[in-house]
Amino acid sequence: MSIEVFEQLSTTLSIRYSQGTQPFGVEFWIHCKQLVDLQTTNISLFSNLTMANHGALFNSSDVRDWTKPQLEHSKEFSNILPGPNFPIGINYVDYDKSANIRLKSYIDSVKFHEKDSAFTSKVHLDAWGDSKMYASGCTWLEQFNDRDFQSGFADVKPTQEYTTVDVTFRSAYASAPKVTCWLTAFDLDKDKDWRIDVSAVDVTEKGCKLKFRVWGTTQAYWIKASWIAHPGDRSHIDHGLFDTQEQRPWEKPQHEHQKKVTFSKKFTRPPVVYYAISRIDETNKGNLRVKTYVKDVTDKGMTLHIDSWNDTVMYTTVGQWIAYQKY
């Protein structure tokens, strides 16, 4: 097994490892106060770290301890592409039930650095008002004027169970594309259950509808979502979702769920996987906690996880994913 440090930004190391002659293309993101001495560190020390196969991830715990809630969090990242309109999705929520649940993820402050021929941007995870955020997380798909991907955002202030928003693709596809949706922001009343969902319906080669749903006692003041469209016949792109109801009925809550996925496309190496939440469905009797994450990504498949913890009562959660083998 070989290890190579690709970069050190602030206190974050980006490490890629390979075994034998087949590179896994997997990056460990290690958050530490001192540089790890890779010459003397046993690889087993990394085994308990959260593993992601791309760096387009941000969690509020990257910048502060979860026991010290605050409203605003940000992290600068670099990319060869300008990033204000990257589709972004929430993948981690941990809020106290004593105040309204307010969370928004977004990217701004795009700057071009001529010396490096690269851009920097800031990704944000913010609450507001009296909300008490213990932690939150997000992921984003880095694409710009890509011939395969089109993306955008839509938001609603629901007054009924279903609200739809028309989406017109910038360029028409040859046939109806696949569309992935992620929750990007929301503002939910603390005195009601938290049950919100977004999905793509009526997909044609020219556009689709984003269908927002709020049900039960839920009072949603605002919901925002991102959408990502791509051709279904591309050999280097796969997509899907994980609904906890695939494994149990909604009225029998549990904390941990996992699903082994076999890719429908024949990748030649492990793709990068972007995975975020499109439905939250929990009672307000406990804190709102949910996280989605991916493990064991290979060229053949992966394992998806959806978890809650402690006093949280999760009825259902849906996570949607895109697997993308970059050229």
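What follows is calculated from the coordinates using simple rules that are stated; it is not laboratory data. Being a predicted model, the structure only gives us computed values, none of them experimental. Because the Cβ atoms are built from the backbone with ideal geometry, glycine has one as well, and the counts that use them run over all protein chains shown.
Ordering GLN219, SER264, LEU241 by the projection of their Cα atoms onto the charge dipole of segment 168-270, which places +1 on the Cβ of Lys and Arg and -1 on the Cβ of Asp and Glu, puts SER264 at the extreme positive end. In terms of the Cα gyration tensor, with a ≥ b ≥ c the square roots of its eigenvalues, is segment 200-278 rounded because a/c is under 1.5, prolate because a/b exceeds b/c, or oblate? Note, shape of segment 200-278 comes out oblate.
Tell me, in nm to one decimal, what length is gained between TYR221 and PHE112 on full extension, where the rule is 0.36 nm per residue of separation less the Cα-Cα distance?
35.6 nm
Amide hydrogen proximity for ALA99: with H placed 1.01 Å from N in the peptide plane, the residues at 5 or more positions away or on another chain lying under 5 Å are LYS132.
One quarter of the surface of the convex hull around the alpha-carbon atoms of segment 56-324 equals 14.4 nm², the direction-averaged projected area.
Compute and list, largest first, the equivalent-ellipsoid semi-axes of segment 192-327 from the alpha carbon gyration tensor, each √(5λ) rounded to a whole angstrom.
28, 20, 11
Using R0 = 51 Å, the C-beta based FRET efficiency linking THR159 and GLU256 works out to 0.90. Loop-located GluC sites (Glu not before Pro) in segment 157-264 (DSSP state not H, G, I, E or B) with no more than 16 neighbouring Cβ atoms inside 10 Å: GLU161, GLU205, GLU251.
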